[in-house]
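Accompanying notes for the structure given below.
The values are calculated or read from the model by the stated rules, or taken from the named source; none is laboratory data. Keep in mind the model is a prediction, meaning the values are calculated, not measured. Neighbour counts are summed over all protein chains in view; Cβ atoms, including those assigned to glycine, are modelled from backbone coordinates with ideal geometry.
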Amino acid sequence: MRGIATVPTYVVMQPTTLCNLDCSYCYLPMRREDRRMPVEVAEAVASAVRPWSAAGRFSVVWHGGEPLAAGREHFAALLRPFGPEVEHHVQTNATLIDEAWCDFFATHDIRVSVSVDGPVARNTDRVNLAGKPAYDRIRRGIDALRGHGLPFSALCVVGRPSPGLATELYAYFLELGCDVLGVNVEELEGVNTRDNRHSAAEVTAFWAELVGAWRRDPRIHLREVEWSLRYVGAVLDGTADDVLPRRLDPIPTVAHDGSVVLLSPELAGFSDPRYGDFTSGNVLTTPLAEILAGAVGTPWIREFLDGVDACRAQCPYFGFCGGAHAANRYFEHGRFDGTVTDHCRNSKIGLLEGVLDHARDHEPTAV
Ligand code: SF4
């Protein structure tokens, strides 16, 4: 993997900066302000993605703030410029989902992913603007999806990996009925400055336990574990070099005002005396394809690519990880050309080691 692709596989869109929750680990800087994306921004993105979606599968991921806080009418206006070949996904805290939103998702063929951290006692970080627990509303929203027979994914943040947690979480998500599950160990990024350092043994044991729970009942696509197993399988059959794409996906995040941040949505809305506001252009003035073609001209991106080169040269996990995320480097190191972060330790190195530990503990005994 070298350099950045000029055609992305998906675009992240921010229909509003507003969120109706105030989760204690949230990284978003403007979540109390309702800055809505004008339709002109969606029109500019829709025209840019038309050739890409005609050539193959292409997704738009509506992310926030809380995207449903934009309201159905405005959301529908933002969807209208896109052709039917574009797949739409929404990442939501689920608290606003009701019958009308379920109809909306079905009508517009939107794939829903909900953020929930497990059973009620594991959701103490997910609170409303008054600091009150949000779990009941989250669960009501998910139950509305289930009532409508709408498939959904789930995204779970783990604050502190501890023995027994992975088994408890997996059982919860099996009961919840999601068909895809992503598990993120909490990250220090954006306005969330909480320490995310855990012992390597704790983190590795968490992932190993999660693999075990999944293997006993693999009804859910478990994103991180399935990806790791694909990599391990490729190493064993000598095709590991084909696992990562040839070039990094630029992952353009289009903010409410049309400004574009590449590689890490978490950098949107921040600025730094050295790097400026991290944007590479604005779709209202420059076509997205042109912004992507000039990506490596953005100084912080050049520095990040040096960091990826350093990872390639130094890190035995590079073939699996590909150099991880720009935002983790920036928020942990204050720059982009460092290598290992706590995010790597928790969610790349610990993950792969956990999968391997599980395999070692369950290898068939020789006869
Ligand atoms: S695990 Fe960390 S240090 Fe290793 S390649 Fe990934 S980002 Fe780089």
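Some values worked out for this structure:
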read-out	value
All positions within the stretch 266-284 that are within 15 Å of residue 252 (Cα to Cα) and free of Cβ contacts under 8 Å to residues at least 40 places away in the same chain	277, 278, 279, 280, 281, 282
Candidates 295, 313 - the one that is within 28 Å of residue 30 (Cβ to Cβ) and either surrounded by 21 or more Cβ atoms within 10 Å (Cβ to Cβ) or within 16 Å of the ligand (Cβ to nearest atom) (or both)	295
Matching residues in the stretch 104-147 - criterion: being in contact (Cβ under 8 Å) with a residue 12 or more places away in the chain, under 15 Å from residue 92 (Cβ atoms) and acidic (Asp, Glu)	117
Residue 258 being touching an Asp or Glu at 6+ places or on another chain (Cβ under 8 Å), closer than 28 Å to residue 23 by Cα and either of a type in the set (Phe, Trp, Tyr) or at pLDDT 95 or above (or both)	yes
Enumerated strands (runs of 3 or more DSSP E) restricted to the stretch 94-196, each holding at least 3 residues that are out of contact with any helix residue (DSSP H, G or I) (no Cβ under 7 Å at 6 or more places or on another chain)	110-115, 152-158
Selection count, the stretch 316-358, where residues are closer than 15 Å to residue 223 by Cβ, more than 20 Å from the chain's Cα centre (by Cα) and not aliphatic (A, V, I, L, M)	1
Residue in the stretch 181-198 that is surrounded by fewer than 17 Cβ atoms within 10 Å (Cβ to Cβ), farther than 20 Å from residue 27 by Cβ and not polar (S, T, N, Q) present	no
Filtered residue count, the stretch 23-46, keeping only those that are among the charged types (D, E, K, R), surrounded by 18 or more Cβ atoms within 10 Å (Cβ to Cβ) and closer than 22 Å to residue 138 by Cβ	1
Residues of the stretch 323-364 satisfying the condition of being in a loop (DSSP other than H, G, I, E, B), in contact with an Asp or Glu (Cβ under 8 Å, 6 or more places away or on another chain) and either touching a residue at least 40 places away in the same chain (Cβ under 8 Å) or more than 10 Å from the ligand (Cβ to nearest atom) (or both)	325, 335, 336, 337
Some residue of the stretch 68-78 being over 14 Å from residue 145 (Cα atoms), out of contact with any helix residue (DSSP H, G or I) (no Cβ under 6 Å at 6 or more places or on another chain), outside any helix (DSSP H, G or I) and at pLDDT 95 or above	yes
Residue tally, condition in contact (Cβ under 8 Å) with a residue 60 or more places away in the chain, in a loop (DSSP other than H, G, I, E, B) and of a type in the set (A, V, I, L, M, F, W, C), over the stretch 12-64	6
Whichever residue in the stretch 298-310 is farther than 12 Å from residue 333 by Cβ and touching a residue at least 12 places away in the same chain (Cβ under 8 Å) and, among such residues, is nearest to the ligand (Cβ to nearest atom)	308
